[in-house]
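Shown next, in structure tokens, is the structure this report addresses.
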Amino acid sequence: MFTGFLSKKGRMRVLAGFLLISAFFMAWQSSGAQGVQPAEPWFTVTISTPKSVITVGTNVKLKVVLTNNTDKDIRYGVGGPGRGGPVFDLDVCDSEGKPVSETPRGLTLHGKDPRPWSGSIFSTAAHPGDKIEEELVLNEEYDLRKPGKYTVQLRERNPKFQAIKSNTVTFTLVPDDKSR
């Protein structure tokens, strides 16, 4: 389907990254949180882009860093469809604050593709203080073909834990000089 965007190895790497992040959130939700938000979040999420001005048509990279703030291991599963269920959302908005449309690949990664999935799931742990770093390519998930200013924020999907949010990142897409 999107064989021109990424090699099979690249697609699997992106999928594994999304699953790692979502599994971290699922483990956090299921590891004793009964609707009570701890005084300090069990984890923090920070996002960043390497550049604030990006040419339309080039990859819009987003670095995601999750940090285990507890004194215990947090177990999480790796593998599964999309982002593993998904338990967090990326809010990508245009300059008017309107959500940006998802690409067909984004629908799959966000667990909105109705086609069946097959594969394996395994468990691993984030140790106290561990940082899990992943790089997302936003234009693979969202329609970022128009020049303009965009914002992105990662937030917990479960309404009980919506206080867990990343910082907000702003970037500007500019036209390619060759197209002028």
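Values quoted throughout were computed directly from the atomic coordinates according to the rules given, and no laboratory measurement underlies them. What you see is a predicted model, and the numbers here were worked out from it, not measured in a lab. Counting neighbours? That spans all protein chains shown, and the Cβs are built from the backbone with ideal geometry, glycine included.
At-a-glance table
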| quantity | calculated |
| --- | --- |
| Spin-label pair residue 143/residue 96, simplified geometry with 7 Å Cα→Cβ offset, distance in nm | 1.3 nm |
| Out-of-range pairs (alpha-carbon distance over 28 Å; input 61/112; 72/98; 63/98; 51/112; 51/72) | 72/98; 51/112; 51/72 |
